[in-house]
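> Below is a structure I'd like to ask you about.
The values are calculated or read from the model by the stated rules, or taken from the named source; none is laboratory data. Keep in mind the model is a prediction, meaning the values are calculated, not measured. Every residue, glycine among them, receives a Cβ derived from its backbone with ideal geometry; neighbour counts consider all protein chains shown. Only protein heavy atoms, including side chains, enter the accessible area calculation; ligands, DNA and RNA are left aside. Shrake-Rupley method; radii C 1.70, N 1.55, O 1.52, S 1.80 Å.
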Amino acid sequence: MKRIYLDHNATVPTTEEHLLEVSKKIAEGAANPSSPHGLGRNASVLISSARKQVASLVDFDVAELVFTSGASEANNMGTAGVLRFKRSASPLHAITSAVEHPSIREPLEFLRRTQGLELTVLEVDGFGRFRTEDVISNIRPNTALIALMAANNEVGTVEPVREVGEWLHMRRWQKWPRTSGLDVAPHAFDALVASDVTPEHLQSLHFHVDGVQAAGKLPKQEWLSLGFDSVSLSAHKLGGLSGIGALALRRGRKFEPLIFGGAQEKNRRGGTENLVGIVSFGIVAHKASQTQWWTEIKKVEELRDALKQRLSRFSALRLTTPSAKSLPNTLNYVVEGVRSEDLLMQLDLSGICASSGSACSSGANLPSKILLAMGYSENDAKNALRITLGPENCDSDVDALEQTLTQIFAH
Ligand code: PLP
């Protein structure tokens, strides 16, 4: 049976071509990058080249990139790691949102429970979007961290992190950022900041952005900002191997390592490097910088629009993804009349791989925290259908999905 894969926000499957490319590079001869011999040096060269390619995904410098076991680890570094480094006698404050990935939400909740962290969790609107105004007006003199995602993995909403970053950069350094493309000029938010919050304070607080779903799906100018202090990234969302990610960390910014025991990654993450994973990440990051990649993303977006149009005839499907400012490949629905577990099983039996939301919460039929935060009922939040497209999808996949749904809803 031909499989139709519509779950790209969970993982973009690795192709045989990619695996061959990775193995060819490794097979040329590479060993432990810390070893003082030729094969060690070869490994070191491979890592340096991948570091450059991954750093350029987010316009950071090579020295600013720390390889990790994935974006979950990078998010833990960018939240708990940063706060542990900033420890102080009086309680610190952090700002996050109600739609974050668990790898942001849970370390912060843990520090709130165990270390007295003051935590502000921003509410979102009906499309899962927090407001720049709320981020800014919640900054206090003891705010040490703002941790927010650039785009949501379940509903595909693009969040206003760029607007927050541009405002922060301007207020920190009194420099005017490139404002083109922003709906609102950054200085429009100035009146919202508390009067006891100084530029020095804004310079010292850390703005961490979860860039996992935005990198390689949104053009850089639509989400990146010089105001970001760190960005988390993951290779398997781009067609690379799973188990490899990175934290891009602005020069001068510090965090307390989560893994001690080796000088790797400039003492920021101990342990022999995942050479195979790093090489894979470098290859996909390089691909994501090519024009061809963005031509394919455009095609994905067109296919998404066609699919959206076709699925609009099913009264049992309620679209939760916003029509503007959303990821080019994502459609999320609340399903009525059929339990999403049953729907996904029937789709699977027809060879169609879709999901009910984030990979971490699907399988357990728990309500989606994202949909709950968006104001959906518990029943609705348990009945989501997420379709996330990739470059290998084509018109016939859309036909097959429509036909299968027609059969399912007819019963
Ligand atoms: N952040 C977001 C928004 C994600 O979608 C994911 C993966 O689902 C992660 C973080 C975690 O990435 P990784 O699987 O590399 O740990």
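> Among the strands (runs of 3 or more DSSP E) lying completely within the range 184-281, list those that include at least 1 residues that are among the acidic types (Asp, Glu). If you could, list the steps in order and put the result at the bottom.
Details: elements: 206-210, 230-234, 245-249.
The strands (runs of 3 or more DSSP E) meeting that bar are 206-210.
> Determine whether the range 77-100 contains at least one residue that is open to solvent by 10 Å² or more (accessible area, probe 1.4 Å), within 13 Å of the ligand (Cβ to nearest atom) and within 22 Å of Ile146 (Cα to Cα).
Checked the range 77-100: no residue is open to solvent by 10 Å² or more (accessible area, probe 1.4 Å), within 13 Å of the ligand (Cβ to nearest atom) and within 22 Å of Ile146 (Cα to Cα).
> Something else about it: Give the residue, chosen from Arg269, Arg250, that is under 30 Å from Leu202 (Cβ atoms) and either acidic (Asp, Glu) or within 16 Å of the ligand (Cβ to nearest atom) (or both). Break it down into steps so the answer makes sense when it comes.
Numbers: Arg250 fails: either acidic (Asp, Glu) or within 16 Å of the ligand (Cβ to nearest atom) (or both).
Answer to the selection: Arg269.
> Does Leu202 meet the test of being open to solvent by less than 20 Å² (accessible area, probe 1.4 Å), modelled with pLDDT of 95 or more and more than 16 Å from the ligand (Cβ to nearest atom)?
The answer is yes for Leu202.
> Restricting attention to the range 171-183, which residues are part of a helix (DSSP H, G or I) and touching a Gly at 6+ places or on another chain (Cβ under 8 Å)?
The one that is part of a helix (DSSP H, G or I) and touching a Gly at 6+ places or on another chain (Cβ under 8 Å): Arg172.
> Only residues in the range 288-303 that are farther than 21 Å from Ala235 by Cα count as the first member; pair them with residues that are part of a helix (DSSP H, G or I) and not polar (S, T, N, Q), Cβ under 9 angstrom, at least 6 apart or cross-chain, and list the lot.
Pairs found: Leu303/Asp395; Leu303/Asp397; Leu303/Val398.
> In the range 71-92, is there at least one residue being assigned to a strand (DSSP E or B) and of a type outside the set (Asp, Glu)?
We begin by selecting, within the range 71-92, every residue assigned to a strand (DSSP E or B); these are none.
No, the range 71-92 contains no residue that is assigned to a strand (DSSP E or B) and of a type outside the set (Asp, Glu).
> Let me ask another. Collect the residues in the range 247-271 that are of a type in the set (Gly, Ala, Ser) and open to solvent by less than 50 Å² (accessible area, probe 1.4 Å), keeping them in residue-number order.
Hits for the range 247-271 are Ala248, Gly262, Gly270, Gly271.
> For Gln213, work out the one condition from (1) touching a Phe, Trp or Tyr at 6+ places or on another chain (Cβ under 7 Å); (2) surrounded by 15 or more Cβ atoms within 10 Å (Cβ to Cβ); (3) of a type outside the set (A, V, I, L, M) it doesn't fulfil.
For Gln213, the exception is condition (1).
> Also, quick follow-up: Restricting attention to the range 29-51, and to residues there that are part of a helix (DSSP H, G or I) and touching a residue at least 12 places away in the same chain (Cβ under 8 Å), which single residue is surrounded by the most Cβ atoms within 10 Å (Cβ to Cβ)?
Selected residue: Ala50.
> Still on this structure: Kindly list the number of the only condition in (1) closer than 28 Å to Glu222 by Cβ; (2) open to solvent by less than 10 Å² (accessible area, probe 1.4 Å) that fails for Val335.
Of the numbered conditions (1) closer than 28 Å to Glu222 by Cβ; (2) open to solvent by less than 10 Å² (accessible area, probe 1.4 Å), the odd one out for Val335 is (1).
> Need pairs with beta-carbon distance below 6 Å; first residue within 11 Å of the ligand (Cβ to nearest atom) and within the range 206-217, second hydroxyl-bearing (Ser, Thr, Tyr) and in a loop (DSSP other than H, G, I, E, B); sequence gap 6+ or separate chains.
Nothing qualifies.
> Also, quick follow-up: Need the failing condition index for Ser289 against (1) assigned to a loop (DSSP other than H, G, I, E, B); (2) crowded, with 16+ Cβ neighbours inside 10 Å; (3) hydroxyl-bearing (Ser, Thr, Tyr), just the number.
(2)
> Separate question: Might you let me know whether the range 236-246 holds any residue that is out of contact with any Ser or Thr (no Cβ under 9 Å at 6 or more places or on another chain), surrounded by 14 or more Cβ atoms within 10 Å (Cβ to Cβ) and either touching a residue at least 12 places away in the same chain (Cβ under 8 Å) or over 28 Å from Ser23 (Cβ atoms) (or both)?
For the range 236-246, residues out of contact with any Ser or Thr (no Cβ under 9 Å at 6 or more places or on another chain), surrounded by 14 or more Cβ atoms within 10 Å (Cβ to Cβ) and either touching a residue at least 12 places away in the same chain (Cβ under 8 Å) or over 28 Å from Ser23 (Cβ atoms) (or both): present.
> Return the residue satisfying two criteria in turn: it lies in the range 186-197 and is without any contact (Cβ under 8 Å) to a residue 40 or more places away in the chain and exposed (fewer than 14 other Cβ atoms within 10 Å of the Cβ), and of such residues it is farthest from the ligand (Cβ to nearest atom).
Looking at the filtered set, the residue picked out is Ser195.
> Only one of (1) over 13 Å from Val279 (Cα atoms); (2) surrounded by 14 or more Cβ atoms within 10 Å (Cβ to Cβ) fails for His18. Which number is that?
Among (1) over 13 Å from Val279 (Cα atoms); (2) surrounded by 14 or more Cβ atoms within 10 Å (Cβ to Cβ), the lone unmet condition for His18 is (1).
> Additional query: Criterion first (modelled with pLDDT of 95 or more, open to solvent by 50 Å² or more (accessible area, probe 1.4 Å) and in contact with a Pro (Cβ under 9 Å, 6 or more places away or on another chain)) does Lys308 satisfy it?
On the way: modelled with pLDDT of 95 or more: yes; open to solvent by 50 Å² or more (accessible area, probe 1.4 Å): yes; in contact with a Pro (Cβ under 9 Å, 6 or more places away or on another chain): no.
Against the criterion (modelled with pLDDT of 95 or more, open to solvent by 50 Å² or more (accessible area, probe 1.4 Å) and in contact with a Pro (Cβ under 9 Å, 6 or more places away or on another chain)), Lys308 does not qualify.
> Here's something else I'd like to know. Answer with yes or no whether Phe228 is open to solvent by 10 Å² or more (accessible area, probe 1.4 Å), of a type in the set (Phe, Trp, Tyr), more than 13 Å from the ligand (Cβ to nearest atom) and farther than 14 Å from Phe67 by Cβ.
No.
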